[in-house]
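Only one structure is covered here, and it is reproduced in the block below.
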Amino acid sequence: MSANRKANFFGSVLTAIACTPNLNPDPHAYQHGVIEPTRQIRTLAEETGNDDPGPDQRRQVMELLDQILETKQVDADERHERIQEILERHDLHREFAHMVQT
């Protein structure tokens, strides 16, 4: 994964988070289930610098994304679609086959 693809991976995840409406009216849940995990993703992006994110980092980011979408109470089909888009864009289907099963 090149530096450009790395930036695009983190960017794709952060874009999915920002562009997905929050349907959860609980501000406490939003703080702990959206804001804090998003900060973790940004920190991972900064720590990675120009290096490619490794499998463990990609796994952590995708798990955080799934948690965030669940906290936002995104419908399961839309959650699957958002994750699928990122995996397709970054050719990660094999690595995350467990996340694309229907």
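The values are calculated or read from the model by the stated rules, or taken from the named source; none is laboratory data. As the structure is a computational prediction, the values presented were derived from the model and not from experiment. A quick note on method: Cβ atoms are made from the backbone with ideal geometry, for glycine too, and the neighbour counts reach across all protein chains shown.
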**Report entry** Residue list for segment 5-22, restricted to those being surrounded by 11 or more Cβ atoms within 10 Å (Cβ to Cβ), closer than 25 Å to HIS98 by Cβ and either touching a helix residue (DSSP H, G or I) at 6+ places or on another chain (Cβ under 9 Å) or not charged (D, E, K, R) (or both)
**Finding:** LYS6, ASN8, PHE9, PHE10, GLY11, SER12, VAL13, LEU14, THR15, ALA16, ILE17, THR20
Report summary line: Restricted to segment 86-102 and to residues being of a type in the set (Val, Ile, Thr) and assigned to a helix (DSSP H, G or I), the residue farthest from the chain's Cα centre (by Cα) is VAL100
Query - Pair list, Cβ < 9 Å and 6+ apart or interchain, from segment 54-68 residues that are of a type outside the set (A, V, I, L, M, F, W, C) and buried (at least 17 other Cβ atoms within 10 Å of the Cβ) to residues that are outside any helix (DSSP H, G or I) and modelled with pLDDT under 95 - result: ARG58/MET1; ARG58/HIS90; ARG58/LEU92; ARG58/GLU95; ARG58/PHE96
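Please find, among THR38, THR43, THR71, the residue that is at pLDDT 95 or above and loosely packed, with under 12 Cβ neighbours inside 10 Å. Don't jump to the end; show me each part of the working.
Working: THR38 fails: loosely packed, with under 12 Cβ neighbours inside 10 Å; THR71 fails: loosely packed, with under 12 Cβ neighbours inside 10 Å.
None of the other options fit; the residue is THR43.
I need a count of the residues in segment 50-85 that are part of a helix (DSSP H, G or I), of a type in the set (Val, Ile, Thr) and farther than 19 Å from ARG39 by Cβ. Give the derivation first.
Of the residues in segment 50-85, the ones part of a helix (DSSP H, G or I) are 55-71, 76-85.
In the following step, the residues that additionally are of a type in the set (Val, Ile, Thr) were identified as 61, 68, 71, 83.
Then keep just the ones that are farther than 19 Å from ARG39 by Cβ; that gives 83.
So the count comes out to 1.
Check whether at least one residue in segment 28-49 is on the phi < 0 side of the Ramachandran plot and outside any helix (DSSP H, G or I), and report yes or no.
Going residue by residue through segment 28-49, those that are on the phi < 0 side of the Ramachandran plot are 28-48.
Filter once more, keeping what is outside any helix (DSSP H, G or I): none.
Scanning segment 28-49 turns up no residue that is on the phi < 0 side of the Ramachandran plot and outside any helix (DSSP H, G or I).
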